[in-house]
Amino acid sequence: MASSATFNGVNLLAGGLVNGVTSNTASTALDVYGGSLKVAGHNATSTGLGLSGLNVDQAGVTLPFDSEALVTAGPATTTLTLNNIAQATGTGTAQNPAVQYQFVAEETDTGTNNPGSSTLANINAAIGAGSDLKWDPTTGDLTSGSNTVITSQYTDPNGVKLYKLSSGAAIQVSQGSNGDPVYTLSSTFDALGNPTAQTVITPVSIDTSGAGKMDDKTISDTFIAAISGQGFHVDRSSTDGALTISGGNIYAPASSSSPDVSALTNAINTAPLSGLVVPVATAIKTIPVPQTDENGHLVYDGDGNVESTNTTESFISTYGQQVSLPTAQASLADPFATQMDFNTKGQSVGLDGYQLVLNQTTTDGTLSSSKTIGRSIQNLTDSNPEITIDPTTGHVTPSKIISQSSAGTVFQISTTASGNPMYVSLGVDGTTGNLTYSVSASSEFPQGETNNIVAVNVTPDMTSSATYQNSLLTPIVTALKSAGITTNGSSINAGTLSIVASGTKIAGSVPSGGSHGR
């Protein structure tokens, strides 16, 4: 049939019939006279196209999605925030900009225009403190405020509007797939003017009143449509309605959020948690109590000694440092993981401090807490330029290796602000497998005053709040014990993870049997 199919005397279908792919030449018919375009030298097999071994697995983030609690009447509505990897790790470039996606639940009755005041508030927040762009109630266009001035405005033939601001930022307004405008704010640029950081704000129109009031599924569908419109893939659980979002180069750590962290914002704790000195243990001692007569006078025996009666009294035998870690502060996502600081007795034991950094264990063995460790070493060494930690090997940069042994690797950091070299020893705890860093002004470890950083490997169990807290408590306690620090009194109380460190190494501790006070 192919051989006999002709048109105007030209056969367009007949050709060499082969099994599989045996030709590396692509041929395309251009006209009915048989003219064709041939592109030779191209291998059309999967190997030739670079597709062999292609891995299409991708990470995702699962968020609880409660439509009942999602929308608050008036301007105080909810924003669902997603970051791409470049945004989460602070590595945005012109080729791979750091992008934050904000999906704003915008009630249709919040103002003359849709989107309303919540979207405008998010736009001003993305520009920076003091920004006060406004709406034109007639056209819906952005207009200048008293502090934030629009220096130029342009509309291209496709209806896309571009605003340039006096601050240097730029806002592009395009039509979203959900029918609402999408606002793309570019805040930082490279030397050629290409954006390296952006915020994409998508209002999601929700009707919660009157005859058009949406039910839970419709609200969820509306959000899914808006999220999908930005290139993400969204699945909804048939059991609890949770949304699983993937694609779009989304930043998705192994466990994206804890049960007690807001479903829509995965907060990152950036401040170190320093311990407070608290009583840890008590002991009983026997003390003599002088005897008095009915008039309050001391009673003496026949030898002239004051008569006394032995009695027992409890006293604080050990003090320690307590760090309380509310679950909402325990986000393990980069760029900065949760850290806990414990001060030691200093030079008397050759140690000056312990800093525990929660490191979320991953299947590829990379160090999720690398940025927190790099920042800590930066502070301890007063280094310039910035210290970075290789998330795969744990090595310190910029530095040079001055020794390697079974005990670990010693790096010299010469670019300190004071001009004096500092040293970092990288090792592995033989009991826990945690990476440990010791920072000192001396290359002879562990001699001299040393600050210790321990990357505590944790695997969060997100089944419930209790399992989540337990999955943090156990490895922290194990890491402290491995360092020779007592952890009696550590517990989970009223939803708060409480770590108590005591012993002769910890500042504020009093050895058992001492008398620090009643």
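The values are calculated or read from the model by the stated rules, or taken from the named source; none is laboratory data. Worth saying up front: this structure is predicted, and the values here are computed from it rather than measured. Counting neighbours? That spans all protein chains shown, and the Cβs are built from the backbone with ideal geometry, glycine included. In case anyone asks, the SASA skips ligands and DNA or RNA and just uses the protein heavy atoms, side chains included. Shrake-Rupley method; radii C 1.70, N 1.55, O 1.52, S 1.80 Å.
Okay, here's what the table says:
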quantity: Residues (without any contact (Cβ under 8 Å) to a residue 40 or more places away in the chain, within 15 Å of Asn452 (Cα to Cα) and open to solvent by 60 Å² or more (accessible area, probe 1.4 Å)) located in the stretch 376-406; calculated: Asn379
quantity: Pair list, Cβ under 8 Å, 6 or more apart: the stretch 422-437 residue under 21 Å from Ile401 (Cβ atoms), other residue open to solvent by 40 Å² or more (accessible area, probe 1.4 Å) and of a type in the set (Asp, Glu); calculated: Met422/Asp382
quantity: Residue within the stretch 148-163 that is within 25 Å of Asn96 (Cβ to Cβ) and not in a loop (DSSP other than H, G, I, E, B) present; calculated: yes
quantity: Single residue of Gly140, Gly145, Gly130 found to be open to solvent by 50 Å² or more (accessible area, probe 1.4 Å) and under 17 Å from Ser117 (Cα atoms); calculated: Gly130
quantity: Strands (runs of 3 or more DSSP E) contained in the stretch 164-255 and holding at least 3 residues open to solvent by 20 Å² or more (accessible area, probe 1.4 Å); calculated: 170-175, 181-189, 195-206, 233-236
quantity: Of all residues in the stretch 408-439 being under 14 Å from Asn452 (Cα atoms) and aromatic (Phe, Trp, Tyr), the one that is most open to solvent (accessible area, probe 1.4 Å); calculated: Tyr423
quantity: Subset of the stretch 100-115 [at pLDDT 75 or above and buried (at least 22 other Cβ atoms within 10 Å of the Cβ)]; calculated: Tyr101, Phe103, Val104, Ala105, Glu106
